Amino acid sequence: MKLIAYMAEHKLDDETFASQLEDCTAHAVRKWKYGQREPDASTIVKIQEITGGAVNVEDWAQQAREVAAGLKPSKLHKSSAPQVSA
């Protein structure tokens, strides 16, 4: 599941999610959820833990593939998102 979809489903704003991560800003969360940046590996692990595995490393990999292909990152769950060839 994409971070943006998780946050919408759980009615979380950027500031609330950032505070759950503790050492993060709302600005960083915004960048991540819109595919403008990716969190570092330790933050991806924290996000996976906070979301109970709903947002995981494969979701970030899919988003990176979409960005690399010049596509706007999908807001869909990974099982519903169109697959992009590497």
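Residue 46 fulfils the conditions (1) out of contact with any Leu (no Cβ under 7 Å at 6 or more places or on another chain); (2) at pLDDT 95 or above; (3) assigned to a helix (DSSP H, G or I) except for a single criterion, (1). The set of residues in segment 4-28 being part of a helix (DSSP H, G or I) and acidic (Asp, Glu) consists of 9, 14, 15. Scoring residue 22 on the criteria (1) modelled with pLDDT of 95 or more; (2) surrounded by fewer than 16 Cβ atoms within 10 Å (Cβ to Cβ); (3) not basic (Lys, Arg) leaves a single failure, condition (1). Does segment 49-59 hold any residues that are in a helix (DSSP H, G or I) and closer than 19 Å to residue 12 by Cα, and which are they? Hits for segment 49-59 are 49, 50, 59.
Among the residues of segment 32-42, which ones are surrounded by 18 or more Cβ atoms within 10 Å (Cβ to Cβ) and not basic (Lys, Arg)? Walk me through how you get there before you give the answer.
Start the filter on segment 32-42 by keeping residues that are surrounded by 18 or more Cβ atoms within 10 Å (Cβ to Cβ), which leaves 32-33, 35, 39.
Within segment 32-42, 32, 35, 39 meet the criteria.
Checking segment 11-32 against the condition returns a match, with at least one residue being in contact (Cβ under 8 Å) with a residue 24 or more places away in the chain and in contact with a Pro (Cβ under 8 Å, 6 or more places away or on another chain). For segment 66-86, filtered to residues that are modelled with pLDDT of 65 or more and surrounded by fewer than 15 Cβ atoms within 10 Å (Cβ to Cβ), the residue that is nearest to residue 28 (Cα to Cα) is 72.
The values are calculated or read from the model by the stated rules, or taken from the named source; none is laboratory data. Quick caveat: nothing in here was measured; it's all calculated off a predicted structure. Here Cβ is always computed from backbone atoms with ideal geometry, including for glycine, and neighbour counts include all displayed protein chains.
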